[in-house]
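Step one of this worksheet: look at the structure below.
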Amino acid sequence: MIEKTKTENRRKVVVAGAGSVGATFCYALAQSGLADDIVLIDKNEDQAKGQVLDLVHGQPFFPTVSIKVGTPEDYTDAQIVVITAGAAQKPGETRLQLLQKNATIVGGIAEDIAAHQCKGVMLIVSNPVDVLTYVALKRSGWDRGRVIGSGTVLDSARLRYLLSKNCGIDVHNVHAYMLGEHGGSEFAGWSMTHVAGIHIDDHCEMCGKCSDWKAERKVIEQEVRDSAYHIINYKGSTHYAVGLALVRIVAAILRGQNSVLSVSTLLDGEFGINDVCLSVPCIVSQGGVKKIIRSPFSKDELASLTNSADILKKAIDELKT
Ligand SMILES: NC(=O)c1ccc[n+]([C@@H]2O[C@H](COP(=O)([O-])OP(=O)(O)OC[C@H]3O[C@@H](n4cnc5c(N)ncnc54)[C@H](O)[C@@H]3O)[C@@H](O)[C@H]2O)c1
């Protein structure tokens, strides 16, 4: 085996924030064999040390990969920096206070990444992901394609899973996207949804499984929106599926896959929306978002997208005051 020694040839992924989501992502990434180097950074160094030690003991079972605790110097030659750092909501703390706290954390990390002359892509995961993607973009000063949020990639997976279960069709034969805000105003892009290669409207008309498929769809869409709350109520946080969703995004970037993913990206006039980050179908490849797909949304979908944009702009404005 020829070992890769030159740093520029190595696929290096740095994760800022070694909590549940950061570590679960590293675990899934190590198993995927996509990265040569995985580096974990946390302001609580013991936290990063503990996660790394736990992960490296899996080395005999992973494809060859280096996993270590890092420092901000590691940002310089990273192909991707994934930001999962954040503070949890404290009792009595308002949503805005939490937003301000996380904006300070993520904005500071984004500035640090830019200061270390990183040439890669920043992938924001910390919540509220759309607002924090906007903050990271502005604070880094990078081009919009290189600062992206995980957006509704996880929510789209949840939608595909629920449709698959409902229709009795393999999830890999269900193409569907949740769009807009990663949060309460997100919506299913039904105009883009295909089951078994058939547009969902035609599929539902033919299938006859649901007595009222239009009503059933609304139930499924709401279940996607409520998914995170259900999991958090049961066990406190979500980390497995988001870890896999992050591997999917990272694969598209490292392999230059041109994958269509609903990542959060800055809109600059697309769909009549400006200066806000939210999820729309994007072509993701080396360098991040290569292109925003101008999907011919229905009138209702466009209204939902605009509603998400208005909600997110309000949060961004609150942050500025
Ligand atoms: N976008 C999504 O789909 C999605 C899904 C699940 C969770 N999340 C979000 O991911 C974030 C992380 O969740 P978690 O469960 O891993 O939380 P966690 O509390 O387990 O981990 C957060 C980590 O960030 C670290 N941290 C805080 N400030 C830092 C700084 N300045 N630099 C480096 N590290 C710092 C903390 O020490 C902690 O280890 C949260 O904001 C959560 O809401 C997003």
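The values are calculated or read from the model by the stated rules, or taken from the named source; none is laboratory data. For clarity, every value in this text was computed on a predicted model and none was experimentally measured. FYI the Cβ positions are ideal-geometry reconstructions off the backbone, even for glycines, and counts take in every protein chain you see. Areas reflect the complete protein model, heavy atoms only, side chains present, ligands, DNA and RNA absent. Shrake-Rupley method; radii C 1.70, N 1.55, O 1.52, S 1.80 Å.
Before moving on, here are some points about what is shown:
- Computed from the C-beta positions of ASP275 and ALA215, the FRET efficiency with R₀ = 51 Å rounds to 0.90.
- Largest-first ordering by accessible area, 1.4 Å probe, given options MET206, MET122: MET206, MET122
- Taking all pairs of distinct alpha-carbon atoms in the chain, Kirkwood radius in angstrom: 20.2
- For the pair SER66 and SER237 in one chain, pulling the backbone fully straight at 0.36 nm per residue adds 58.8 nm over the alpha carbon distance.
- Spatial separation of Cα centroids for the range 85-144 and the range 172-228, in angstrom: 31
- The chain, accessible surface, carbon-and-sulfur percent (1.4 angstrom probe): 52
- Across the range 102-111, computed HN-Hα scalar couplings (Karplus, 6.51 cos²θ - 1.76 cosθ + 1.60, θ = phi - 60°) run 5, 5, 5, 5, 5, x, x, 5, 4, 4 Hz from first to last residue, x flagging Gly and Pro.
- Mean separation of Cα contacts under 8 Å (6+ apart) over length of the range 145-303, as relative contact order %: 27
- Residue of TRP190, TRP142, TRP213 that the Gaussian network model of the chain assigns the largest fluctuation, springs spanning Cα pairs under 10 Å: TRP213
- Cα Rg, Dmax, the range 215-278, angstrom units: 15.6, 40
- Placed amide H near VAL276: partners under 5 Å, 5+ positions off or other chain: LEU267
- For the range 122-166, the set of trypsin sites (Lys or Arg not before Pro) satisfying both a DSSP loop assignment and a count of at most 14 other C-beta atoms within 10 Å is empty.
- Solvent accessible area, Å² - CYS207, 1.4 Å probe, full protein context: 60
- The gain in end-to-end length when the GLN100 to ALA88 segment is fully stretched comes to 3.1 nm, 0.36 nm per residue minus the alpha carbon separation.
- When the surface is traced with a 1.4 Å probe over the full set of protein chains, LYS49 keeps roughly 100 Å² accessible.
- Sequence of TYR177, TYR75, TYR27 when ordered by accessible area, the most exposed leading, probe 1.4 angstrom: TYR27, TYR177, TYR75
- For the range 170-270, the convex hull drawn through the C-alpha positions has a volume of 154 cubic angstrom per residue.
- Rounded to whole numbers, the Karplus 3J(HN,Hα) couplings from phi for the range 157-163 are 5, 5, 5, 4, 4, 5, 5 Hz, using 6.51 cos²θ - 1.76 cosθ + 1.60 with θ = phi - 60°, and x at Gly and Pro.
- Sequence-ordered 3J(HN,Hα) estimates for the range 126-136 from the Karplus curve with 6.51, -1.76 and 1.60 and θ = phi - 60° stand at 4, 9, x, 4, 5, 5, 6, 5, 4, 4, 5 Hz, glycine and proline given as x.
- Accessible area (Å², per residue) of the chain, counting only protein heavy atoms and a probe of 1.4 Å: 48
- Residues whose amide H comes within less than 5 Å of that of LYS291, counting only those at least five positions distant or on another chain, are ILE283 (H built at 1.01 Å from N in the peptide plane).
- Computed from label points 7 Å out along Cα-Cβ, the spacing between HIS199 and LYS43 is 5.0 nm.
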